[in-house]
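The values are calculated or read from the model by the stated rules, or taken from the named source; none is laboratory data. Small disclaimer: the values here were computed from a predicted structure and weren't measured. Note that we place each Cβ from the backbone using ideal geometry, even for glycine, and neighbour counts take in every protein chain shown. Ligands, DNA and RNA are excluded from the accessible area calculation, which covers all protein heavy atoms including side chains. Shrake-Rupley method; radii C 1.70, N 1.55, O 1.52, S 1.80 Å.
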Amino acid sequence: MRRDMTVSGTERNFPDDGVIVSKTDLQGRITYVNRLFMDISGYSERELLGQAHSIIRHPDMPRSVFRLFWEALQAGREVFAYVVNRCKNGDHYWVLAHATPSYDLSGAVAGYHSNRRVPDPRIVREVIVPLYRQLRDEESRAEDRKEGLRRGQAMLTAMLDSKELDYDRWVFSL
């Protein structure tokens, strides 16, 4: 599916008690979405199933945070992260994501499951947006994407090390 990466600058919100749910296979292809996921993203179930979860990737989301997110999942750990997602029409919405590996009957990781809730807007505005802007700026200063990712990861790691926290603990300290 070809994606238009234009953004509208318009933020969408969902109910405070709402939970956006999705499941993916090991390659990150969507295997399940709940109604709220479809409602907020503007995509139908048919448009989403089988697509890479990155179909909702917003260009303002730092690659270094996604790398940290996927490394935790692939290591079999749950992860919590603030994420900005892009709707089909270019609008965006913020979530506090909790993702975990899903296991088959033999105990092998079979995919991933994510629940996303409404984040505290003050934390997003005052902490996450400025940090993510700095990370994206650092990533974009490099001459190639690989080096940009390395530089963003180094910046994120240095920030977390200075606080003596891993990303999840930092998220919960906010």
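Taking the charge dipole of the range 1-105 about its Cα centre, with +1 at Lys and Arg Cβ atoms and -1 at Asp and Glu Cβ atoms, the residue from Leu68, Val19, Trp94 reaching farthest to the positive side is Leu68.
Pairs of Cα atoms under 8 Å, at least six residues apart: use those to get the relative contact order of the range 71-174, whole percent.
Contact order relative to length: 20 percent.
Given +1 at the Cβ of Lys and Arg, -1 at the Cβ of Asp and Glu and no other charges, the dipole of the chain around its Cα centre is 360 debye to the nearest 20. Apolar share of the accessible surface for the range 1-88: 46 percent from carbon plus sulfur atoms, 1.4 Å probe. For the range 113-174 versus the range 5-23, the spacing of their alpha-carbon centroids is 19 Å. Rounded to the nearest whole Hz, the Karplus-based 3J(HN,Hα) values (6.51 cos²θ - 1.76 cosθ + 1.60, θ = phi - 60°) of the range 59-71 follow the sequence x, 7, 7, x, 5, 5, 6, 4, 4, 4, 4, 6, 5, with x at glycine and proline. Average accessible surface for the chain: 55 Å² per residue, computed with a 1.4 Å probe over protein heavy atoms with every protein chain in place. Ignoring ligands and nucleic acids, what accessible area does Ser106 show with a 1.4 Å probe (Å², nearest 10)? Ser106 has an accessible surface of roughly 100 Å² with all protein chains in place.
Taken one residue at a time, the phi angles of the range 107-117 give Karplus couplings (6.51, -1.76, 1.60, θ = phi - 60°) of x, 7, 5, 10, x, 9, 10, 9, 10, 10, 10 Hz. Gly and Pro are set to x. Counting only Cα atoms, the chain measures 43, 42, 35 Å along its principal axes, largest extent leading. Taking amide H as placed 1.01 Å from N in the peptide plane, Gln51 has its amide H under 5 Å from the amide H of Ile30, each at least 5 places away in sequence or on another chain. Dipole check for the range 30-120: with +1 at the C-beta of Lys and Arg, -1 at the C-beta of Asp and Glu, and the Cα centre as origin, the magnitude is about 120 Debye.
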